[in-house]
Amino acid sequence: MNSIGLLLRRKHTRRQFRSKVHLHDKRDLKKRFILLAAVVGLHCIAMVFFEDLNWWQAFWLTMTSATTTGYGDISAVTFWGQFSTIVLIYGMGITLVAQIASDYIELRITNKEMRIKGRMEWNTMQDHLLIINTPKYDTERYLDLLVTQVTNTPELAEVPIQILTPDFPEGLPLKLRSQGVVHQTGEATTEGMLLSSGADKAKYIIVLCSDYQEPHCDSVTFDILHRIQTLHSSAFILAESIDDSNRTRFKKAGANAVIRPVRAYPEMLVRSLIAPGTEQVLENLFRYEGDHTIRLDIRLEGFTWADIVTRLIQNNIGTALGFENNNGDIITHPATSEKISARSLILLVGDEQVLPSKEQIASYFTPN
C-alpha cells in the first residue's frame, strides 16, 4: 500500500508540475483540437438524430454553442438533444475551446519571449550574416555602429543578421531588435551551437575577439574557425586576430580575411566583407610599418589630378590619395581632368621608400 501511495503521489506531483510550469507546445494543442473535433462530431450526430436537423444546422448549432455565441435561431428542444448539449458542449466543448485559446496565446507569448532572450534556434536562416561573440567593452555601442554600417551598405542592406553570444541572456537592446537583428544565447565553442545558428548556411561569418586585451582569445577564435570548417560552410569568414603571427594559422583554418580588433572603426569589418583585401590596406594606414600615408607640403597650381598622380608614380614618390586646397579642405579622389590648386598632397608611400627633397619633388612639376 505504501508503494502504491508513493507512486500515486509521484504521479500527482508530476501533474502539478506540468500544470503549473509546463509551457504547452504544439503537441498539446494538436491533442486538444482532435478531442474538440470528436466532441463537435458527436454533438452534430446527436442533433441530427434527436433534433431532426440537417448536417449544416447541426454544425451551426454546435459551433455557436461551443463558442458561447448563442444566436438562439436554433436550439435543442428534446430531452436527449438537451442532455447531449449539456454533456458534450457545456461539459466539454466550451472548456476545450477556452483551453485551446489559452494555450495558443501562451505558446505565442512564450515563443516571442524565447526569441527575444535568444533561446530559440535560428537554424532555418540562410544566406545571413552571423556575428559570433561580442566585445567585452562598450558592447552595445559597438554593435549599434556595426549593424548600422551593415544596413547602410547597399550590398548588405537586405542580409539578415544573427548574433551568437552569451552576453545578452535577457535579450538584445531594443535598438538592435528594431533593426531586425536576432540572436542566440550561447557559446560558439559549445557542441551544436554553430549548427543551430545556421553557420553552415550563412553567407558571411564574423568571428569577433571578445576581449582584445586577452591574447588567449586567439585560441578561442582558432577553435571556432576549426568548428566552422567541419560544417563545410561556404560563407565568407572574417576573423579578428590579436597577434599578427596568428594570421596565417587563421587563414589555414578557413578564414578568408583576418583583421585586428579595431573597435573604433567597425566600418573596416563591413568593408572587408564586400571588398576582401581592403582590410589589409586600411590596417596599414593606421600604422607606420609597411605602406603608410604622409603629408607632403608642396604648392601646385594649374595641374590636373591625373597629371599629378602620373608624375608622382613615374618618379617613384608614392601614390596620391588626395590634396589640401587653399581653404584647408582635404579633397580625395577628385576628377582626373580637374585642374586643382593645392598647398599639400596626401600620399601613400612604402615603409622603405626614400623620398627626395621637397625642392626635387617641386622640380618634377616645373613647366617645360
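Checking the stated criteria, Ala188 turns out to be among the small types (Gly, Ala, Ser) and within 20 Å of Pro266 (Cβ to Cβ).
Any residue in region 223-231 that is assigned to a loop (DSSP other than H, G, I, E, B) and closer than 28 Å to Arg247 by Cβ? So far as region 223-231 goes, yes, one or more of its residues are assigned to a loop (DSSP other than H, G, I, E, B) and closer than 28 Å to Arg247 by Cβ. Of all residues in region 329-344, those satisfying the criterion of being open to solvent by 30 Å² or more (accessible area, probe 1.4 Å) and over 18 Å from Ser357 (Cα atoms) are Asp329, Ile330, Ile331, Thr332, His333, Ala335, Thr336, Ser337, Glu338, Lys339, Ser341. Selection of region 314-328 for residues being surrounded by fewer than 11 Cβ atoms within 10 Å (Cβ to Cβ) and either closer than 22 Å to Pro356 by Cβ or among the hydrophobic types (A, V, I, L, M, F, W, C) (or both) yields only Gln314. With respect to (1) open to solvent by less than 30 Å² (accessible area, probe 1.4 Å); (2) under 28 Å from Gln280 (Cβ atoms); (3) assigned to a loop (DSSP other than H, G, I, E, B); (4) hydrophobic (A, V, I, L, M, F, W, C), the lone exception for Ile298 is condition (2). Considering only residues in region 100-122 that are open to solvent by 100 Å² or more (accessible area, probe 1.4 Å) and assigned to a loop (DSSP other than H, G, I, E, B), the one that is modelled with the lowest pLDDT turns out to be Arg119. Number of residues in region 236-245 that are within 18 Å of His128 (Cα to Cα) and either without any contact (Cβ under 8 Å) to a residue 40 or more places away in the chain or open to solvent by less than 10 Å² (accessible area, probe 1.4 Å) (or both): the value is 3. So, in region 301-313, of the ones that are free of Cβ contacts under 8 Å to residues at least 12 places away in the same chain and out of contact with any strand residue (DSSP E or B) (no Cβ under 7 Å at 6 or more places or on another chain), which residue ends up surrounded by the fewest Cβ atoms within 10 Å (Cβ to Cβ)? Checked region 301-313; the qualifying residue surrounded by the fewest Cβ atoms within 10 Å (Cβ to Cβ) is Thr310.
Cβ-Cβ distances below 7 Å connect no pair with a first residue in region 357-368 that is more than 17 Å from Gly318 (Cβ to Cβ) and part of a helix (DSSP H, G or I), a second residue that is open to solvent by 50 Å² or more (accessible area, probe 1.4 Å) and at pLDDT 85 or above, and a separation of six or more residues or different chains. Taking region 164-180 as the range and being open to solvent by less than 10 Å² (accessible area, probe 1.4 Å) and touching a strand residue (DSSP E or B) at 6+ places or on another chain (Cβ under 7 Å) as the test, the residues that pass are Leu164, Thr165, Leu172.
For region 267-290, what are the residues that are open to solvent by 40 Å² or more (accessible area, probe 1.4 Å), outside any helix (DSSP H, G or I) and at pLDDT below 70? Hits for region 267-290 are Phe286, Arg287, Tyr288, Glu289.
Summed over region 123-133, residues that are open to solvent by 20 Å² or more (accessible area, probe 1.4 Å) and among the hydrophobic types (A, V, I, L, M, F, W, C) total 1. For Met1, are the conditions met, namely being more than 39 Å from the chain's Cα centre (by Cα) and at pLDDT below 75? For Met1, the condition - more than 39 Å from the chain's Cα centre (by Cα) and at pLDDT below 75 - is met. Among the residues of region 329-342, those identified as part of a loop (DSSP other than H, G, I, E, B) and either more than 42 Å from the chain's Cα centre (by Cα) or among the acidic types (Asp, Glu) (or both) are Asp329, Ser337, Glu338.
The values are calculated or read from the model by the stated rules, or taken from the named source; none is laboratory data. Just so we're clear, the structure is a prediction, and the values are computed from it rather than from any experiment. Note: ideal-geometry Cβ built from the backbone for every residue, glycine included; neighbour counts use all protein chains shown. Heads up: the accessible areas ignore ligands, DNA and RNA and are worked out on the full protein's heavy atoms, side chains in. Shrake-Rupley method; radii C 1.70, N 1.55, O 1.52, S 1.80 Å.
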